[in-house]
Every structure is written in structure tokens, then in C-alpha cells.
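The values are calculated or read from the model by the stated rules, or taken from the named source; none is laboratory data. Predicted model, so just to flag it, every value in this text is computed and none were measured. Note that each Cβ is placed from the backbone with ideal geometry, even for glycine, and that neighbours are counted across all protein chains shown. For the accessible areas, the whole protein counts, side chains as well, though only heavy atoms, and no ligand, DNA or RNA atoms are used. Shrake-Rupley method; radii C 1.70, N 1.55, O 1.52, S 1.80 Å.
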Amino acid sequence: PRRIKMLDNGMLPPPPYEMEDNQSTWLADTDIVFIDPVGTGYSRAAKPELASKFFGVNGDIESVGEFIRIYLGRNERWMSPLFLVGESYGTTRASGLSNWLFEHGIALNGIVLISAVMNFQTIRFANNKKLPLVLMLPSYATTAWYHKRLSPVMQARTVEQVAQEARQFAANEYMPAMLRIGDLSAAEQNALAEKFSSLTGLSKDYVLRANFRVDLDRYMKELLRTERRTAGRLDSRFTGIDRDAAGDGPDGDPSMSAIRPPYTAAFNQYVRTELGYKTDTEYYILGGGITSPWNWNVSNGYADTSIPMKDAMAKNPYMKIMIACGYYDMATPFYAAEYTVSAMNLDPSLKKNITFDYYEAGHMMYIEKNSLKKLHDDAAGFIANAMRK
């Protein structure tokens, strides 16, 4: 019912921070239960030696699934419509939970995935790994468009048009070229670099010197280097100031710096005053209470919960999925989410249950006033559609 008052574009306001009524609250459409998994918020393991059992893909899903099962029982809500909403790693959790819950007799009406990452090999950069480079490129293009680093012809297009041209280049030219990158002729390399440069705002010389491997840190640093600024990761509309402009990567994420203080301050004030819960315990922001390495529970090094969600969709063909993507999100890029769904290779009768919605903001699109309203309206429509029989 309440929200932190950022600037209308989502940028950092000057302190002290303020709260205001949330005109786009989802409470008009649904009851909401917020869950802080162990290691986040005020949630702690009962005994420190038990903490590590929760800190992993499987342990996290099981503990949150058990919370949901117990909550439904204690509050006698077993026959209520049930939706999951997850953001960022919460989308990894929600997609994995869909199958865990079904196997425990709990079928979902729908899932809302905000800034989705289900398959981590789509966003983890590594030597000789091509997929994240290709899937990130459309987000580079939308970022360059926002910062007006493209040609006048490209700048005259909409962000949707720029994104679509970048998708086509990534799939039809960039990925095939990367599969034989060491065998391209000088002419082919030059043509590829020209197109890469025209879409990303980077110089052709830089692209060639990087051997077409521009990972996220490099891009955040290079795009606005001549202005001695860096682009944000969670929201590439934000710009930061590094100690110097000579490095290969940014000192940090300016979009993270902009949201952490106001949201921390507002929640701590809200929970103590309006909700009446008083404690000296630290409210852990962004998993600050994770005290041991995360167990990814995989043999190939990359977690992938899109497969459990695919299984859940086959078992429960009524379950609908809404995926909300920010055009300026470079943490969980929209093209990576699109690829992940495509790679699920769903039966056509199930594929129609997944919808994508796009926002002219970043990872936390709701900090931007117009995107906040659009997200509410999209979610309200999604909930209503998922409830139709």
C-alpha cells in the first residue's frame, strides 16, 4: 500500500527520503504474502549450524515451498487461487517452486516473473563462451539508444524497433560469426564490426580489439568513457562516476547505489512505525545474511529451473506465466529470457500460456512512475485472464 518516493524517472532523490501511498498497489486485485527466505530480511536459521542447508537452489526451494504449504494450512487457504511472484533470483525460485509445489499437491493459477533468470548459463560470461555475449547484445543496443550513442537514423527509431533489429543481428549474424570467429576474413570481420558498432554505440576499433567479446563490465565502462561516466547494470539508464576513466570495468553499479539507501531507510521506518514491529535486528538487503557459499546443486556449473517449470506446465496445463522485462536491464537481459523460453521447446498448447511484457526501465522497472503503473495494469490483466475457466 506504500512505496518509496523516488524521482519520477526512478532516479535517486535527495535525503531524507519519503514514502507515499502506492497508487498502483496490487492489493486491489489480490492478497499478497511476502516471504523473506532464510538469509534475507529478518529471516534467520534457528541455529547457525543449520544455515547452510538453506543456502542453495534446492534448499531454498524446499524451505520456501514448506512455508507456502504450512501457510495455506494454518490460514485455511487451500482452496484459494494461488499465484507466485518472483523478481530476479526470485524468478529462479518461483520457476523451480512450480514443480515442487505441484508434487506436494499445490497447483498454481499463474506465475509472474519480474526480470527473469531461470538458466544461469545465459548470463554468466566466461572464456570461450558465446551465448551470454549474444543474448546481452540487444540490451547493449537499447542502452546505447537511451544514451543517444547511435546514429541519427537509429536514434529516430523507437526502443522497440532498436531492440528488434539487435535481436535479428544477434541471431542471424553475430552468433553464426562467433561459431567461426577465428576463420573470418578481414573483410568479414570489418563488416561484422561495423554492424556491431552501429547497434552498440562502441567504436569499430574497440570492437575489433576486443575480438567481438564485449562482456558486461567492459560495456558498462566503455560506452560513456569519453564522458567519464559508466552505465548501470541493474538499470542502464543510471550513470556513475568512477575513480578514473582508464579501467577495464566500472567501480560499481550506479543503479544499485541509487536504490539501496532509500529502500533500506523506508522499509526500516515503515516496519517500525506503520506496522508496529520493533527490533534491533538488521534487515538484510539483497541476501546480506547468506553466510556460506551458495550451493548451485548442479553438475555442469549452471543452475536451470526452466526445466522444472516446463514439467509443471505439462502437469498443470492451466498454469499461466507472465514474464516482465526491462529494456534497460543488463543484469537479466530480456533476450536471455526470450531464449530460455524458446529453449524449453514447449508443446504449442503450453507455449501460448506464456506472455512477455516490456518496460522502458531496468531490473526494478517499478521505480519508474510510468512502468510502475504499466506493471500493475499488466499484472491485473494477467491475474484476471489466468482465473478464467
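Values of log10 I(q)/I(0) for the range 243-389 across q = 0.17, 0.21 Å⁻¹ run -1.27, -1.31, by the Debye formula with one identical scatterer at each alpha carbon and no solvent.
What does the charge count near Glu20 come to, summing +1 for each Lys or Arg and -1 for each Asp or Glu among other residues with Cβ under 9 Å from its Cβ? Net local charge, Glu20 excluded: +1.
A Stokes-Einstein calculation at 37 °C with viscosity 0.692 mPa s, built on the Kirkwood radius of the range 132-275 over Cα pairs, returns a diffusion coefficient of 199 µm²/s.
Solvent exposure of Glu274, expressed as accessible area, is near 90 Å², computed with a probe of 1.4 Å over the protein chains only. Between the helical axis of 89-103 and the dominant principal axis of the chain, each derived from Cα atoms, what acute angle in degrees is found, rounded to the nearest 10? Helix 89-103 and the main axis of the chain meet at about 50 degrees.
What pairs in Lys129/Lys204; Lys129/Lys221; Lys221/Lys352; Lys53/Lys310 have C-alpha atoms more than 30 Å from each other?
Details: Lys129/Lys204 22 Å; Lys129/Lys221 21 Å; Lys221/Lys352 39 Å; Lys53/Lys310 26 Å.
Too far apart for the 30 Å limit: Lys221/Lys352.
The listed residues Lys47, Lys389 rank as Lys389, Lys47 when sorted by accessible area, largest first, using a 1.4 Å probe.
Note down the Stokes-Einstein diffusion coefficient of the range 264-325 in µm²/s, whole number, using a Kirkwood radius over alpha carbon pairs, 20 °C, and 1.002 mPa s.
Details: Rh = 16.2 Å.
Translational D for this selection: 133 µm²/s.
The largest-to-smallest principal axis extents of the Cα set in the range 1-65 are 43, 32, 19 Å.
Over the range 285-364, what per residue volume does the convex hull of the Cα atoms give, in whole Å³?
On the way: hull volume 11.2 nm³, N = 80.
It is 139 Å³ per residue.
In what sequence, largest accessible area first, do Glu360, Glu76, Glu338 appear using a 1.4 Å probe? Let's see the in-between values first.
Numbers: Glu360 95, Glu76 160, Glu338 35 Å².
Result of the area sort, largest leading: Glu76, Glu360, Glu338.
What accessible area per residue comes out for the range 315-389, rounded to a whole number of Å², with a 1.4 Å probe?
Numbers: 3170 Å² over 75 residues.
In whole numbers, the range 315-389 has 42 Å² accessible per residue.
Across the protein chains, with a 1.4 Å probe defining accessible surface, the residues Arg2, Arg243 rank Arg243, Arg2 from largest area downward. Globularity index of the range 45-108 is 1.17 (Cα radius of gyration / 2.2 N^0.38 Å, N = number of residues).
Return the tail of the calculated pair distribution for the range 1-138, meaning the percent of Cα-Cα pairs more than 23 Å apart. Write down the numbers at each step before the final one.
On the way: 4919 of 9453 pairs.
I get 52 percent for the Cα pairs in the range 1-138 exceeding 23 Å.
On the protein heavy atoms, probe 1.4 angstrom, tell me the percent of accessible surface of the range 240-280 carried by carbon and sulfur. All intermediate terms of the calculation are to be shown ahead of the outcome.
Values: 1340 of 2510 Å².
In the range 240-280, the share of accessible area belonging to carbon and sulfur is 53 percent.
Only helical runs count toward this figure. For the chain, summing -39,500 (n - 2.57) over DSSP H runs of n ≥ 4 and dividing by all residues gives -12500 deg cm²/dmol at 222 nm.
Which percent, to the nearest 5, of DSSP beta bridges fully inside the chain are antiparallel? For the chain, the DSSP antiparallel bridge percentage is about 30. Here Leu101 sits with roughly 0 square angstrom of accessible surface, probe radius 1.4 Å.
With the cut-off at 1.5 for a/c, could you classify the range 212-253 from its C-alpha gyration tensor as rounded, prolate or oblate?
Working: a/c = 1.56, a/b = 1.08, b/c = 1.45.
Verdict is oblate for the range 212-253.
Under the definition of Cα pairs under 8 Å and six or more residues apart, what whole-number percent is the relative contact order of the range 263-389?
22 percent.
If you restrict to DSSP beta bridges whose two residues both lie in the range 1-144, what percentage is antiparallel, to the nearest 5? Mind dumping the intermediate values first?
Numbers: 3 of 9 bridges.
Rounded to the nearest five, the antiparallel share is 35 percent.
Dimensions of the range 184-249 along the principal axes, based on C-alpha atoms and rounded to the nearest Å, stand at 39, 22, 17, largest first.
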